[in-house]
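Novice: This is the structure I have questions about; it appears just below.
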Amino acid sequence: MSRGIRGNEARYGWAFTAPAILIIGVFLVLPILLALWVSFSDWNGLGSPLGNSEFVGGVNYAKVLVDSGLAQRDFGTSIRNNLYYVLLVVPLQTALALFLAVQVNRRMLRGRGFFRTAFYFPSVTSSIAITTIFIFLFTSSGAVNQVLGWLGVNGPNWFADPRGVLHLLLGGLGVDGSGAAAAGGPLGLSWWDWFAGPSVAMCVLIILAIFTTSGTFMLLFLAALQNVGAEIEEAAAVDGAGPFRTFFSVTLPMLKPTLFTVLTLGLIGTWQVFDQIYLTGRGAPAKTLLTPAFLAYDTSFSDLKWGQGAAISFILFGIIVALTLFQRWVLRDRDAGRAGRRREVRAVARLHRDAESVRAAGTAVPEAAASEGRER
Amino acid sequence: MSMTMHAGRRRLATIGLALSYVLLVALALIYIYPFLISISGSFKTDAEATQQPLSLLPATWTFAAYERLFTSVPLLQWAGNSLLITVIVTTGRVFFDSLAGYALSRLQFRGRAVVFACLVAVMAVPNVVLLIPRFLILKELGLYNSYAGMIVPIMIDAAGIFIMKQFFESIPVSVEEAARIDGAGVFRTFWTIVLPMAMPALVTLFILSFQGSWNEFAHFVVSRNDPDLNTLTTGVASLTSGQLGSGNQYPLQLAAAVLMSIPVAVLFFIFQRRIMSTSEGGEKG
């Protein structure tokens, strides 16, 4: 540790990190503080929020969360929509990704490279391109409805159909929105509205999400499966376990850390749907595609209620942070074994491979990296 | 006895494999077919694309959609903006992320731990939450509707710094210490000795940054509203949401979607081996 070599390291250390500190400070930390102020102010969009607005306390938050009215109803609707989206996307994409990974990991399978490419490719394309394609596929006379037509099914007019799936099912059983269900539930929505289920239009976005993310998560599971190695599974087979038994009793428990990672990334990412909503009609049909992320944007940029939009942003932030903490709590007692750094880097790199999911998953990166490390 | 059991098991395995082939081929078809009919749809007439969306070959080939994209739609301008932004953002991220990552992994200075902790905290902020804040600061700084406002905020990303830091920590210190004892300065050591060794991580960062900035949408929605600053993502989005009178003109929208996907698809196929490195020999190293 001679002073000559180490002496000017401090200067270089700060010089090397200065651009990052500056940009992140100015374009991330500062803006958040500014928006936090706006969420507690009555700024109307004119001039600078500093100096042209008054502190109004929690009014903006109250309008969204407590005061009954359109703002609260819209927020409640967006939460309901996103809740169903999360409930369906997260388990389905995880299950499909795991299934695909197990299939393309088979040593006897030919064309593994082709299958992996096919399943991963949708994750690479931009959300704009893929949503455009989905709008084309799901028009009333579109490709999907034609295929359904062969099966004798009369497909709905997907993106224009606001009917809730659960309502449709309940309607089939003769249940309607009268009686106890009509009573008011939280956030200005009746219980009947809460139990609408995802709208038919939302189902398309759910399929879209599963389609685009299953490939990324397949790669995560694939990496984990290769670490498990074929030997262990072969040993289980020699001991007389069938393929199902081997998978559920031997392979799956070893995949647990990756499973947690994938579930967390999914849970966080699914609360951030924005691009798809922007493209498919800004929440239409009948606001059943509205999500909190889009509502925050729309409230500010279209209705010019900046404080309220900022408040929704921070509530959404709160939801995502709460989910991250919940994930940490679930993972709390896991032994953090020290793995080779290089592997850790590769695990992180693998996680980051799909930029879309990186951004979606900002919150989980350090944890995910850590849990990827743990699995070795 | 054991022979028959063996044969039975082998037959079972063969049946299993055949079944999974059928299943995988069907799934692969579901994953690929949408892209194929989108490409063919872009060469169909408006009427045919609406009525015969499933056919792989257009009954009548037409390049009308592409013609319109290059004449009445400012697609080239959008592409130019996307390219400019992607090149600068990618270069910036690769350079500044590795610079900061190196300092955080190797250089001793007071406050290093704090800087790193802040970085990890910053990574926890989800992107969609930043939309309104970023708009506010760009307005405040007078950068709204400017290339600077579209580029600078996304030119450094905490996740990239994190990747580079982790990678530099995997490289043995001995080499650079030798260089430094020989009198090379900190920056020269970093630039000529450490950075070349970090090639794999740099490539990863390059792929992520290129794809991320080429496909970026939300930030460009809040950082400008000048049509001259449209990128491919915001431009094609305006086509898809029917803003340019393109309501049901699927060939036009599909052609735009196809064209904007080409660079990322090329990148994907060039680096396919790397991206899919899990496939073979993920255990090396």
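The values are calculated or read from the model by the stated rules, or taken from the named source; none is laboratory data. Keep in mind the model is a prediction, meaning the values are calculated, not measured. With ideal geometry, Cβ positions are generated from the backbone for all residues, glycine too; neighbour counts draw on all protein chains shown. Note: accessible area is taken over every heavy atom of the protein model, side chains too, but ligands, DNA and RNA are not part of it. Shrake-Rupley method; radii C 1.70, N 1.55, O 1.52, S 1.80 Å.
Novice: Considering only the stretch B:155-185, state which residues are modelled with pLDDT of 90 or more, more than 8 Å from chain A (Cβ to nearest Cβ) and open to solvent by 10 Å² or more (accessible area, probe 1.4 Å).
Specialist: Residue satisfying the conditions is B:Lys165 alone.
Novice: Free of Cβ contacts under 8 Å to residues at least 24 places away in the same chain, over 30 Å from A:Asn105 (Cα atoms) and open to solvent by 50 Å² or more (accessible area, probe 1.4 Å): which single residue out of A:Gly171, A:Gly184 fits that description? Lay out the reasoning, then the answer.
Specialist: On the way: A:Gly171 fails: open to solvent by 50 Å² or more (accessible area, probe 1.4 Å).
After ruling out the rest, the residue left standing is A:Gly184.
Novice: Tally up the residues in the stretch B:128-147 that are within 24 Å of the chain's Cα centre (by Cα) and open to solvent by 40 Å² or more (accessible area, probe 1.4 Å), please.
Specialist: Qualifying residue count, the stretch B:128-147: 2.
Novice: Hey, among the residues in the stretch B:1-44 that are β-branched (Val, Ile, Thr) and modelled with pLDDT of 90 or more, which one's nearest to the chain's Cα centre (by Cα)? Don't jump to the end; show me each part of the working.
Specialist: In the first step, residues of the stretch B:1-44 are kept if they are β-branched (Val, Ile, Thr); the result is B:4, B:14-15, B:22, B:25, B:30, B:32, B:37, B:39.
Cutting the leftovers down to modelled with pLDDT of 90 or more gives us B:22, B:25, B:30, B:32, B:37, B:39.
On the way: B:Val22: 32, B:Val25: 27, B:Ile30: 23, B:Ile32: 19, B:Ile37: 23, B:Ile39: 21 Å.
Once the filter is applied, the top-ranked residue is B:Ile32.
Novice: Do you know which residues across the stretch A:213-241 are outside any helix (DSSP H, G or I) and facing chain B (nearest Cβ under 9 Å)? Even if it seems obvious, please write down each step before you answer.
Specialist: Of all residues in the stretch A:213-241, those outside any helix (DSSP H, G or I) come to A:229, A:239-241.
The answer is A:Gly229, and nothing else.
Novice: Another question, if that's okay. Go through the stretch B:121-227 and tell me which helices (runs of 4 or more DSSP H), entirely inside it, have 3 or more residues that are more than 30 Å from A:Gln308 (Cβ to Cβ) and among the charged types (D, E, K, R). Give the steps one after another, and end with the answer.
Specialist: Values: elements: B:131-140, B:147-151, B:158-168, B:174-181, B:199-215, B:218-223.
Once the helices (runs of 4 or more DSSP H) in the stretch B:121-227 are filtered for at least 3 residues that are more than 30 Å from A:Gln308 (Cβ to Cβ) and among the charged types (D, E, K, R), what remains is B:174-181.
Novice: Quick check on the stretch A:288-300. Is at least one of its residues within 8 Å of chain B (Cβ to nearest Cβ) and modelled with pLDDT under 50?
Specialist: no
Novice: Okay, next question. Under 7 Å between Cβ atoms, at least 6 apart or on separate chains: pull out the pairs that start in the stretch B:93-104 with a residue that is under 11 Å from A:Pro19 (Cβ atoms) and at the interface with another protein chain (Cβ under 7 Å from one of its Cβ atoms) and end on any residue that is assigned to a helix (DSSP H, G or I) and polar (S, T, N, Q).
Specialist: Final answer for the pair search is B:Ala100/A:Thr17; B:Ala103/A:Thr17.
Novice: Moving to a separate point now. Kindly indicate whether any position in the stretch A:118-134 is assigned to a helix (DSSP H, G or I), surrounded by 18 or more Cβ atoms within 10 Å (Cβ to Cβ), in the same structural domain as A:Leu208 (by TED's automatic domain parsing) and more than 25 Å from the chain's Cα centre (by Cα). Walk me through how you get there before you give the answer.
Specialist: Just the residues of the stretch A:118-134 that are assigned to a helix (DSSP H, G or I), to begin with: A:118-124, A:127-134.
Subsequent filtering for residues that are surrounded by 18 or more Cβ atoms within 10 Å (Cβ to Cβ) retains A:118-124, A:127-134.
Of the ones still in play, those that are also in the same structural domain as A:Leu208 (by TED's automatic domain parsing) are A:118-124, A:127-134.
Within this subset, residues satisfying the condition of being more than 25 Å from the chain's Cα centre (by Cα) are none.
For the stretch A:118-134, residues assigned to a helix (DSSP H, G or I), surrounded by 18 or more Cβ atoms within 10 Å (Cβ to Cβ), in the same structural domain as A:Leu208 (by TED's automatic domain parsing) and more than 25 Å from the chain's Cα centre (by Cα): absent.
Novice: Looking at (1) open to solvent by 30 Å² or more (accessible area, probe 1.4 Å); (2) not in a helix (DSSP H, G or I); (3) not acidic (Asp, Glu), which is the only condition A:Trp43 fails?
Specialist: Failed condition: (1).
Novice: Within the stretch A:206-227, is even one residue among the aromatic types (Phe, Trp, Tyr), open to solvent by 30 Å² or more (accessible area, probe 1.4 Å) and out of contact with any strand residue (DSSP E or B) (no Cβ under 6 Å at 6 or more places or on another chain)? Give the steps one after another, and end with the answer.
Specialist: Taking the stretch A:206-227 and keeping what is among the aromatic types (Phe, Trp, Tyr), we get A:211, A:217, A:221.
Filter once more, keeping what is open to solvent by 30 Å² or more (accessible area, probe 1.4 Å): none.
No, the stretch A:206-227 has no match at all.
Novice: Under 8 Å between Cβ atoms, which residue pairs at least 6 apart in sequence (or on different chains) link something in the stretch B:185-209 that is on the phi < 0 side of the Ramachandran plot with a partner that is of a type in the set (A, V, I, L, M) and part of a loop (DSSP other than H, G, I, E, B)?
Specialist: What qualifies is B:Val186/B:Leu107; B:Thr192/B:Ala184; B:Ile193/B:Ala184; B:Val194/B:Ile171; B:Met197/B:Ile171; B:Ala198/B:Ile171.
Novice: Of the residues in the stretch A:135-158, how many are more than 7 Å from chain B (Cβ to nearest Cβ), open to solvent by less than 40 Å² (accessible area, probe 1.4 Å), among the aromatic types (Phe, Trp, Tyr) and in a helix (DSSP H, G or I)?
Specialist: Matching residues across the stretch A:135-158 total 1.
Novice: Take the stretch A:46-73 and flag every residue that is among the hydrophobic types (A, V, I, L, M, F, W, C), open to solvent by 40 Å² or more (accessible area, probe 1.4 Å) and under 17 Å from A:Pro292 (Cβ atoms).
Specialist: Within the stretch A:46-73, the subset among the hydrophobic types (A, V, I, L, M, F, W, C) is A:46, A:50, A:55-56, A:59, A:62, A:64-66, A:70-71.
Next, from what is left, pick out any that are open to solvent by 40 Å² or more (accessible area, probe 1.4 Å): A:46, A:50, A:55-56, A:59, A:65-66, A:70.
Listed by number, the residues that qualify are A:Leu65, A:Val66, A:Leu70.
Novice: Filtering the stretch A:80-116 down to residues that are among the aromatic types (Phe, Trp, Tyr) and within 12 Å of chain B (Cβ to nearest Cβ), which residue is surrounded by the most Cβ atoms within 10 Å (Cβ to Cβ)?
Specialist: Here the residue is A:Phe115.
Novice: Go through (1) closer than 22 Å to B:Ser42 by Cα; (2) buried (at least 18 other Cβ atoms within 10 Å of the Cβ) and name the single condition B:Glu216 misses.
Specialist: (1)
Novice: Free of Cβ contacts under 8 Å to residues at least 24 places away in the same chain, out of contact with any Cys (no Cβ under 7 Å at 6 or more places or on another chain) and of a type outside the set (A, V, I, L, M): which single residue out of A:Trp43, A:Trp37 fits that description? Even if it seems obvious, please write down each step before you answer.
Specialist: On the way: A:Trp43 fails: free of Cβ contacts under 8 Å to residues at least 24 places away in the same chain.
Answer to the check: A:Trp37.
Novice: Considering only the stretch A:120-160, state which residues are touching a Ser or Thr at 6+ places or on another chain (Cβ under 7 Å), over 25 Å from B:Gln51 (Cα atoms) and of a type in the set (A, V, I, L, M, F, W, C).
Specialist: Answer for the stretch A:120-160, where residues must be touching a Ser or Thr at 6+ places or on another chain (Cβ under 7 Å), over 25 Å from B:Gln51 (Cα atoms) and of a type in the set (A, V, I, L, M, F, W, C): there is none.
Novice: Given the criterion more than 14 Å from chain A (Cβ to nearest Cβ) and closer than 29 Å to B:Ser261 by Cβ, identify the matching residue among B:Glu48, B:Glu67. Spell out how you get there, then give the answer.
Specialist: Working: B:Glu48 fails: more than 14 Å from chain A (Cβ to nearest Cβ).
So the residue among B:Glu48, B:Glu67 that is more than 14 Å from chain A (Cβ to nearest Cβ) and closer than 29 Å to B:Ser261 by Cβ is B:Glu67.
Novice: Mind checking which residues of the stretch B:186-201 are surrounded by 12 or more Cβ atoms within 10 Å (Cβ to Cβ) and of a type in the set (A, V, I, L, M)?
Specialist: B:Val186, B:Ile193, B:Val194, B:Leu195, B:Met197, B:Ala198, B:Ala201, listed by residue number.
Novice: Would you be able to say whether some residue in the stretch B:203-217 is in contact with a Ser or Thr (Cβ under 8 Å, 6 or more places away or on another chain), facing another protein chain (nearest Cβ under 8 Å) and aromatic (Phe, Trp, Tyr)?
Specialist: yes
Novice: Working only within the stretch B:232-256, note down all residues that are within 28 Å of B:Pro126 (Cα to Cα) and touching a Gly at 6+ places or on another chain (Cβ under 9 Å).
Specialist: Residues of the stretch B:232-256 within 28 Å of B:Pro126 (Cα to Cα): B:232-241.
Result: B:Ser241, single match.
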